[in-house]
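Everything on this sheet refers to the single structure shown next.
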Amino acid sequence: MLASKIATLIQARLIGSDVSLTHVAALDQADADGLSFMAANKYIDDLHSTRAGAVIVTVEHASEAPCAVLVAENPYLAFAHAARLLHPRRPAPAGVHPSAVVDASAQIDASASIGPLCVIEENVRIGPRVELGPECIIRTGSSIGADSRFVAQVTVCEDSLIGERVLLHPGAVIGREGFGFAKDGERWVRIPQVGRVRIGNDVEIGANSTVDRGAIGETVIDDGVKIDNLVQIGHNVAIGANTAMAACSGISGSTRIGRNCTIAGAVGMAGHLHISDDVHFTGMAMVTRSFPKPGVYSSGIPAMPNSDWRRNVARFRQLDELTRRIKCLEQRLERQSPTSESTNE
Amino acid sequence: MLASKIATLIQARLIGSDVSLTHVAALDQADADGLSFMAANKYIDDLHSTRAGAVIVTVEHASEAPCAVLVAENPYLAFAHAARLLHPRRPAPAGVHPSAVVDASAQIDASASIGPLCVIEENVRIGPRVELGPECIIRTGSSIGADSRFVAQVTVCEDSLIGERVLLHPGAVIGREGFGFAKDGERWVRIPQVGRVRIGNDVEIGANSTVDRGAIGETVIDDGVKIDNLVQIGHNVAIGANTAMAACSGISGSTRIGRNCTIAGAVGMAGHLHISDDVHFTGMAMVTRSFPKPGVYSSGIPAMPNSDWRRNVARFRQLDELTRRIKCLEQRLERQSPTSESTNE
Amino acid sequence: MLASKIATLIQARLIGSDVSLTHVAALDQADADGLSFMAANKYIDDLHSTRAGAVIVTVEHASEAPCAVLVAENPYLAFAHAARLLHPRRPAPAGVHPSAVVDASAQIDASASIGPLCVIEENVRIGPRVELGPECIIRTGSSIGADSRFVAQVTVCEDSLIGERVLLHPGAVIGREGFGFAKDGERWVRIPQVGRVRIGNDVEIGANSTVDRGAIGETVIDDGVKIDNLVQIGHNVAIGANTAMAACSGISGSTRIGRNCTIAGAVGMAGHLHISDDVHFTGMAMVTRSFPKPGVYSSGIPAMPNSDWRRNVARFRQLDELTRRIKCLEQRLERQSPTSESTNE
């Protein structure tokens, strides 16, 4: 594909000679057929020495590239669009693979593709151009909106509502009966989980992630939410539009997360919390209370040499006592020689 | 179903007019056909304004509901039983789906239900009324007790012993060869894992959770244990009866956990520990030693504004030094003006 | 198998009478047909009282066993080899199960075993003696080296390169399209992930673990790497030879880990880091920066009684303020009575 054509399609401006491009590549690994990009100044040396056929950069770096340049305001976003042009996904062929097990009551759009060894149960509805890869299971009463793609071995439990352009990765489990029990003496009695999962449009859920159905009512994943691998979403959680969650995080039941939040990897949230819009948790944050205001929140102790850590952890265990010792020192010193500041206390 | 009939079956006392109920619902969303409950005083406003047909409450709140009342000592437990009555699970039809791949040596009770695309290997035994959903794999020599239900895509590895009324959720992997290696210079040599998994009665294991078989001997999950999603149980772990574990936790090899413990989300335990009965770990607890006594144990730093966290973490790195500075201050002050307390030291 | 034969095959020296052994067993549970071992002195009492037919020990403990002895320099390693002799794995029968769905373009070695309900897509190459258990999915263009074994329900996405003697456990997902998005206003636009995964020889990846393909270029798991269950490996991560990772850990995108590292359970690593060879992270370590030098690194607060923890966490929030109070005390004391040390500051 010619650089000029890509420029037109991604609304970038071509500077330099028009070249033919076949694929995207990193700045430091690209060859003459490759299209690359620079999104951050720290890669400026790679830009100077790149052998790419063309690069996408902002206008301020347009003169620094040794090759054709596509000028864009947001090079990373422009690159995302260009990569889709150079690497279009081949749609799966329409139709139901003969090895799939499909209930007669299921309504499957003729343009949908149902892969080998899928299981489609009663009263399932599958919209136009949906692609189910191998060994996906769609249980009774669920529906899947147009253009959604389930890569492989996805399990969707009963009565789940899934929007359009939803991408579910291998091993994702949607709509499991959640973790709800009442105590009867020492024994646990399961609370039937009679709710469901509702997933909006343009949502993505990673490999081996799990989203439990509502105990009563719904677990809601709103439009544009992106969830990485190995993430747990408890029953009756609600996640607002365009919030993104990195891998290995877990959200306990009934917690509500706002819009446009980012939740880094391995974050844990207690249940029944309210998290505002525009909240950002850094990696491994431990979220035990509600956060009603936008902001960046953190916790955890970054790794240090083991011997330092051992000493500091021992002191952490004495922290309350240490505080009292400080207070005691202050009082003794105050008795000796009162300060003007202290009289204000 | 009439409220009076439910009252009889769950051993509650009906106060008010008998109404027909079709489903369970939350207090604030119920309509006239809905049965709701109040388990904690903080929902008292919802009780006052509910439009439910009936509610389950304790005797002290019986007069506060604007509708029929089912009086129970433990409303949440009574609700669990009532929900089962109003939402009975439809059992899967007995028999082996024609798409399942079943070895001729497997013994499957005629009342069991084997779903589409299951694989049942040699010498497997499956008890009465067991339900295997789609795409479950039961490997050689395993046995499954009566009334167990594996939802979908469960993998049970060789020689696993699984009790009665066990519920395994989609993607659970039981009996994997565990993580055991000996070092040979720089290389790792796998230790054959010749043990197995034994799961008691009334156990539940969540979606995409993993339970490794014993290296030698057994990994044991005792009666009534409830395990949430994405939990890892290492080889030769033993978990006592009625212990419950929330999502994203991991237990390293050979750790023994007592009965009636609760382990909140994202807890990590080292190997070869002994945890007493009635121990409760809060979320994200880091368990690096044995806990021989009942109690509530915690660790971790709850999330705070990022700027505060940065400052405090920097100080944590100096904590041992700070402690020494406090000690030094105390000594200097003591030299200046000895106190009577200090003479006791 | 006779102890003398095992001794020859594992290069150990038999002391005592030659006995027939049928299986491996723990010191405290073995019977007369059992072979056991002692790898650490703390099990010396178990050695004295064992009823095993033979034990593997170092020469210094050879006289302390009440049974036949196999003397080896590294008893645990010798035991690993002996266990393989006593418990050989029965290879799966060569050939493709009739229920598998195999594309005509796939090249499958005649000695390979393709289990029931596997899906093998276009242009896949499968080497000699490879074993795919039930319901594995190998997507377009992937290749698998000789003697690899995928236990069950493994998903290998497009164009993955997998070496020889690789062991993948149930539910592992290799080559997922990773978590890469550009922001377009409030919305996330997916970056096509056009790279792949390359896995070396003798690698092992645990149940329900996930390895994402490169965004551009490769995610690389080098020879001899061992990865436990429920581990996440982000796009473009590189892990050096013989590094081992325990369960529930997550590595963010583009982080490079050296050779011969050990990463304990539930460790989290940020993206774009460089970790040296021979680095060891203890459990739940929070890795937010590069570690260019070998060593043992740790973080986290071990669990303590909840009441202590509450008090100490409250003080942690004041740690920066506490430090200032210490400094203030030091200054006041200095003003009162300057020390010679302080004049050096």
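Laboratory data are not the source of any read-out in this text; all were calculated from the coordinates shown. Small disclaimer: the values here were computed from a predicted structure and weren't measured. Cβ atoms come from the backbone with ideal geometry, glycine included; neighbour counts cover every protein chain shown.
Picking from C:133, C:295, C:175, which is most flexible by a Gaussian network model of chain C using Cα springs under 10 Å? Ranking C:133, C:295, C:175 by mean-square fluctuation puts C:295 first. Between B:151, B:225, B:69, the GNM of chain B built on Cα springs shorter than 10 angstrom shows B:69 fluctuating the most.
So how much slack lies between residue A:74 and residue A:20, counting 0.36 nm per residue of separation and subtracting their Cα-Cα distance, in nm?
Numbers: separation 54, 0.36 × 54 = 19.44 nm, distance 2.23 nm.
Extra length from residue A:74 to residue A:20 when fully extended: 17.2 nm.
Just how large is the dipole of the protein assembly as shown about the Cα centre, in debye to the nearest 20, putting +1 at every Lys and Arg Cβ and -1 at every Asp and Glu Cβ?
1780 debye
For segment B:87-105, the residues whose backbone nitrogen is under 19 Å from a point 7 Å from the Cα of residue B:5, taken along Cα to Cβ, are B:87-91.
Once C-alpha pairs closer than 8 Å and six or more residues apart are averaged by separation and normalised to the residue number of chain A, the relative contact order reads 6 percent. Here the 3J(HN,Hα) profile of segment B:269-278, calculated from phi with Karplus coefficients 6.51, -1.76 and 1.60 at θ = phi - 60°, is 10, 5, x, 6, 9, 10, 10, 5, 4, 6 Hz, Gly and Pro shown as x.
Given R0 = 22 Å, the distance between the Cβ atoms of residue C:293 and residue A:311 translates into a calculated FRET efficiency of 0.70.
List the GluC sites (Glu not before Pro) in segment C:31-76 that DSSP assigns to loop (not H, G, I, E or B) and whose Cβ has at most 12 other Cβ atoms within 10 Å. Which are they?
Filter output for segment C:31-76: C:73.
Close amide H partners of residue C:149, meaning residues 5 or more places away or on another chain with modelled amide H under 5 Å apart, are C:131, C:166, C:167, C:168.
For segment A:298-308, 3J(HN,Hα) computed residue by residue from phi via the Karplus equation (6.51, -1.76, 1.60; θ = phi - 60°) reads 9, 7, x, 10, x, 4, 9, x, 3, 5, 4 Hz, glycine and proline entered as x.
Taking every DSSP beta bridge that has both ends in chain A, the antiparallel portion is near 10%. Checking the cross-link pairs A:183/B:42; A:226/B:226; B:226/C:42; C:5/C:42; A:327/C:327 against a 23 Å limit on the alpha carbon distance flags A:226/B:226; B:226/C:42; C:5/C:42 as lying beyond it. In this structure the amide hydrogen of residue C:297, modeled in the peptide plane, comes within under 5 Å of the amide hydrogens of A:306, C:280, C:281, C:282, none closer than 5 places in sequence on its chain. Helical content alone sets the calculated 222 nm signal of chain B at -5000 deg cm²/dmol, taking -39,500 (n - 2.57) per DSSP H segment of four or more residues and averaging over every residue. GNM remark for chain C: springs join alpha carbons under 10 Å apart, and the peak mean-square fluctuation among C:11, C:232, C:193 falls on C:11.
Karplus-based coupling profile of segment A:103-112, in residue order and whole Hz: 5, 5, 7, 6, 10, 10, 4, 5, 8, 6, with θ = phi - 60° in 6.51 cos²θ - 1.76 cosθ + 1.60 and x standing for Gly or Pro. Along the charge dipole of segment B:3-86, which of B:34, B:44, B:12 sits closest to the positive end, that is, farthest toward it, with unit charges on the beta carbon of Lys, Arg, Asp and Glu (+1, +1, -1, -1)? Value: B:12.
What average number of partner chain Cβ atoms lie no more than 10 Å from the Cβ of the residues making up A:327-333?
Partner-chain Cβ atoms within 10 Å, mean over residues of A:327-333: 6.
Amide H contacts under 5 Å for residue B:125: B:107, B:142, B:143, B:144, restricted to partners 5 or more places along the chain or on a different chain, H placed in the peptide plane at 1.01 Å from N. Applying both filters, DSSP loop and at most 15 other Cβ atoms within 10 Å, to the GluC sites (Glu not before Pro) of segment B:125-178 eliminates every site. With neighbour counts taken as other beta-carbon atoms within 10 Å, the residues A:243, A:282, C:8 rank, fewest first, as C:8, A:282, A:243. For chain B, a crude dipole built from +1 on the beta carbon of Lys and Arg and -1 on the beta carbon of Asp and Glu, taken about the Cα centre, is about 920 debye to the nearest 20.
Between rounded, prolate and oblate, where does chain B land on the alpha carbon gyration tensor, with a ≥ b ≥ c its root eigenvalues, rounded for a/c under 1.5, else prolate if a/b exceeds b/c?
Verdict is oblate for chain B.
Each Cα pair under 8 Å and six or more residues apart adds its separation to the average, and for segment A:95-297 the resulting relative contact order is 10 percent.
Using a/c under 1.5 as the rounded threshold, could you call segment A:275-345 rounded, prolate or oblate? The axes a ≥ b ≥ c are square roots of the C-alpha gyration tensor eigenvalues, and prolate needs a/b larger than b/c, oblate otherwise. Oblate, because a/c is 1.5 or more while a/b does not exceed b/c.
FRET efficiency for the residue A:140 to residue C:33 pair, using the beta carbon distance and R₀ = 56 Å, is estimated at 0.60.
About the Cα centre of segment B:83-159, what is the dipole size in debye to 20, counting +1 per Lys and Arg Cβ and -1 per Asp and Glu Cβ, all else neutral?
So the dipole magnitude of segment B:83-159 works out to roughly 500 debye.
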